[in-house]
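Inspection log for the structure reproduced underneath, given as structure tokens.
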Amino acid sequence: MKFPNDADGEALQSLYKDGVNFKKQQSVEFFVAVPDQTTGEKLSVVLKEEGFNCFLEQDDETDEWACCCSKRMLLNYNELVNIQKKLNNLSKPHGGYSDGWGVFVD
């Protein structure tokens, strides 16, 4: 399988090499960096209204905050990029930005 030559494509290539089934929906977690807890709580409400399952989390080492949004979906490059763009657009007015994604392999 061939993937674009960027961070998302490389992540998908790695998952493919690890034997992840791309024909089965996976639980994908998208991370949205936010400046602080209060902003994260407000943004979580917005993201939930847009259909994302979200929770707010603070990194123990860096003390940075992030909204973690999960979605079950097929691992599709274009869909992953589009969701990140949507998260970026929704979070920008709150001082946040899309900060990657990950998969919890079943």
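The values are calculated or read from the model by the stated rules, or taken from the named source; none is laboratory data. What you see is a predicted model, and the numbers here were worked out from it, not measured in a lab. Quick reminder, even Gly has a Cβ in these numbers, built from the backbone with ideal geometry, and neighbours come from all protein chains shown.
Checking V28, V20, V46, V32 one by one, the residue that is touching a residue at least 40 places away in the same chain (Cβ under 8 Å), surrounded by 15 or more Cβ atoms within 10 Å (Cβ to Cβ) and in contact with a Gly (Cβ under 6 Å, 6 or more places away or on another chain) is V32 and no other. What number of residues in region 36-67 are under 13 Å from D99 (Cα atoms) and either of a type in the set (F, W, Y) or modelled with pLDDT under 95 (or both)? Number of matching residues: 2.
Screening D99 against (1) under 21 Å from Q13 (Cβ atoms); (2) assigned to a helix (DSSP H, G or I) leaves a single unmet condition, (2). Taken as a whole, the structure leaves F55 outside the set of residues that are surrounded by 16 or more Cβ atoms within 10 Å (Cβ to Cβ) and among the aromatic types (F, W, Y). Looking across region 80-106, just one residue is among the acidic types (D, E) and out of contact with any strand residue (DSSP E or B) (no Cβ under 6 Å at 6 or more places or on another chain), and that is D106.
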